[in-house]
1. Which value, in debye to the nearest 20, gives the size of the charge dipole of segment 112-334 about its Cα centre, when Lys and Arg are +1 and Asp and Glu are -1 at the Cβ?
2. Could you work out the helix-only [θ] at 222 nm for the chain, with each DSSP H run of four or more residues adding -39,500 (n - 2.57) and the total divided by the number of residues, to the nearest 500 deg cm²/dmol?
3. With a ≥ b ≥ c the root eigenvalues of the C-alpha gyration tensor of segment 112-334, is it rounded (a/c under 1.5), prolate (a/b larger than b/c) or oblate?
4. Compute the relative contact order of the chain as a whole-number percentage, counting only Cα pairs closer than 8 Å that sit 6 or more residues apart in sequence.
5. From the backbone phi of segment 132-137, what are the Karplus-calculated ³J(HN,Hα) couplings (6.51 cos²θ - 1.76 cosθ + 1.60, θ = phi - 60°) in whole Hz, Gly and Pro given as x?
6. Under the Karplus relation 6.51 cos²θ - 1.76 cosθ + 1.60, θ = phi - 60°, what is the ordered set of whole-Hz ³J(HN,Hα) values for segment 316-330, x standing for Gly and Pro?
7. For Gly205, list long-range residues whose amide hydrogen, built 1.01 Å from N in the peptide plane, is under 5 Å from its own amide hydrogen.
8. Arrange the following residues from fewest to most other Cβ atoms within 10 Å of their Cβ: His261, His323.
Amino acid sequence: MNVSSRYAITGATASEVAASVEEGVRKGQLPTGSPLPPVRALAEHLGLSAATVAAAYRSLRARGLAAGAGRRGTRITARPPITAERTAPPPSGLRDVAEGNPDPRLLPSLRRHVSRIGATAALYGAPAILPDLLHLASRDLARDGIPAAHLAVMGGAMDGIERVLQSHLRPGDVVAVEDPGYTAVLDLVGALGLVARPVALDDFGPVPAELDRALRSGARAFIFTPRAQNPTGAALDAARTRALAEVLGRHPDVLVVEDDHAGPVAGVPARTLCDAGRARWAVVRSVSKSLGPDLRVAVVAGDAATIARVRGRQSVGAGWVSHVLQGLVAALWTDRASRAGVRRAAEAYAERRRRLIEALAGHGIAATGRSGLNVWIPVREEAATVAHLAARGWAVRAGEGYRLKSPPAIRITIATLTARETVQLALDVAESQRSGGRTSAA
């Protein structure tokens, strides 16, 4: 093997070799999926022992930068947990329907609530969770059928999911994930050195037979979104909830993590696969979509052991989520006008989803979006579709980052999409498929 033909990996120690590989990933010189030289070949090239290079590769695998691929050797992971040099952002002037943000006009005003959260700053030794927030969160979760005896408050949904996974799993463990699924979840799984096992979806969430297959193959955890699934908008109904619960009942030791990131603006009722009889579980409910992304607050309900581990790890790190933010969330939750605004937001998002899906159907294009802020549109070629729509003035999100094995698609965020824009956007999507090929089947 000609090692010198590859990116110039250097180093005299295992840590230096690993750092050199990391630099290559960061600079884009080792793209995702790139093979690393065989251990013995690189050791000979660098004048090191095979044990030193093997230790470097173990370090890269533990940090989620590389993964073993059987006879294909060791390769850079598809989603390495490192900020790499990116290509230029889309040209300015495009109508942004890609980012996944809620409509700022539908978020409650924070200004008039700031004075309600108290003038005394919290000090060390204060409770990690404000009593008012604890009471309100417990009440709302219990109302949705989610056991609320044990709660934690984290700095957003991904903070909660990460801490739950770390409390039970170790690098190399297999995790069942939605396919397509939220990019941040897929990236987090890789960053923790876990192995993602895809579970196919339809409009009503994970397909039971696909989940059963993933769990039978050794998955130790299952992460999914019960409603407002990102990117497809899938949401559980009663029948799917029962079917998935039956599958999980055959795997009682699997950790179940529910990401209810949209909460009350999802547009469909809350459903859960977690109950007090399950050994290991967590439901993570964020306020980012309903109250605002900058309110970095998520409530995590779970079994006693999981919540104890999560709160214990938090206590030796960040310590707690700002009481200022917790107080603002509690104030908004108890404000009649803010609650009414959340209901109006859910109705507005539902109408905007419906309009786009119906407009696309009028052009013979099937799309999904049963709940949440996004519509998922299967296409033949993502890059061509994105480029075509950019030429028409639209910035949309290619589906590649959300997919493991599922077919190509694009994601459109409907949060701020007007009725007039919807008509034109649907027409432009249809033209993109006529020019670039027919729409693929979902």
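1. Details: 23 positive and 22 negative charges, 102 e Å.
With Lys and Arg at +1 and Asp and Glu at -1, about 500 debye.
2. Values: 13 runs with 167 residues, N = 442.
That comes out to -12000 deg cm²/dmol.
3. On the way: a/c = 1.92, a/b = 1.56, b/c = 1.23.
Here segment 112-334 falls in the prolate category.
4. On the way: 855 pairs, mean separation 77.1, N = 442.
For the chain, the relative contact order is 17 percent.
5. 4, 5, 4, 4, 5, 5
6. Values per residue, Gly and Pro as x: 9, x, 5, x, 6, 7, 2, 5, 4, 5, 4, x, 4, 4, 4 Hz.
7. The list, which skips near neighbours in sequence, is Ala235.
8. Values: His261 28, His323 22.
The order, fewest Cβ neighbours first, is His323, His261.
Since every read-out is calculated from the coordinates, none of them should be taken as a lab result. The structure presented is a predicted model; accordingly, all values stated were derived computationally and were not measured. Because the Cβ atoms are built from the backbone with ideal geometry, glycine has one as well, and the counts that use them run over all protein chains shown.
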